[in-house]
1. Taking a cut-off of 17 Å between Cα atoms, list the lysines near Lys94, but don't count ones fewer than 8 places away on the same chain.
2. Pull up all non-local amide H partners of Phe53: gap of 5 or more, or a different chain, and H-to-H distance under 5 Å with H placed in the peptide plane.
3. State to the nearest 20 debye the size of the charge dipole of segment 1-63 about its Cα centre, where the only charges are +1 on K and R beta carbons and -1 on D and E beta carbons.
4. Note down the relative contact order for segment 18-101 as a percent, whole number, built from C-alpha pairs under 8 angstrom at least six residues apart.
5. Take the solvent-accessible surface of the protein heavy atoms, probe 1.4 Å, and return the percent of it on segment 1-52 that carbon and sulfur atoms account for.
6. Can you work out ³J(HN,Hα) from phi for every residue in segment 31-38, in order, using Karplus 6.51 cos²θ - 1.76 cosθ + 1.60 and θ = phi - 60°, giving whole Hz and x for Gly and Pro?
7. Relative to the longest principal axis of the C-alpha atoms of the chain, give the angle of the C-alpha long axis of helix 64-74, reported between 0 and 90° and rounded to the nearest 10°.
8. Stokes-Einstein diffusion coefficient for the chain at 20 °C in a medium of 1.002 mPa s, Rh from the Kirkwood formula over Cα pairs: what value in µm²/s?
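The values are calculated or read from the model by the stated rules, or taken from the named source; none is laboratory data. From a predicted model like this one, the values you see are computed outputs, not experimental measurements. Because the Cβ atoms are built from the backbone with ideal geometry, glycine has one as well, and the counts that use them run over all protein chains shown. Accessible surface areas use protein heavy atoms only, side chains included; no ligands, DNA or RNA. Shrake-Rupley method; radii C 1.70, N 1.55, O 1.52, S 1.80 Å.
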Amino acid sequence: MAINAAFIFISPEGEATTHQAKVATGSVDVTTFAVKSYTAACLLAKTLVADGFNAIELCGGFGIEGVAAVKQAVNNAIPIGVVRFDNHPGLGFKSGDDLFE
């Protein structure tokens, strides 16, 4: 079975409708999306499930609370993975939990 995955990263200017790119290898397709908040990530995640994505990986900018919010948004419909940084270098060495809602 081919994997149709999404990678979501968080950036203050992120707009998933315009900031996205896809890499397709045949066995794994990954579409990368930028979002500007946890709320936007949750809305996107719900859309991705409806569009047939079967996995989501979140960038290290998502703190524990952000990951939990996305997991709750998809209601365990697909697996949610995460890259971890305790203090993200792209976010002033802070957790997204301190910066985003």
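1. Of all the lysines, those that pass the test against Lys94 - Cα under 17 Å, at least 8 places apart if same chain - are Lys36.
2. Under 5 Å from the amide H of Phe53: no residue qualifies.
3. 60 debye
4. 28 percent
5. Details: 1810 of 2920 Å².
Its accessible area is 62 percent carbon and sulfur atoms.
6. 10, 9, 10, 9, 10, 9, 7, 5
7. Helix 64-74 and the main axis of the chain meet at about 30 degrees.
8. The diffusion coefficient I find is 160 µm²/s.
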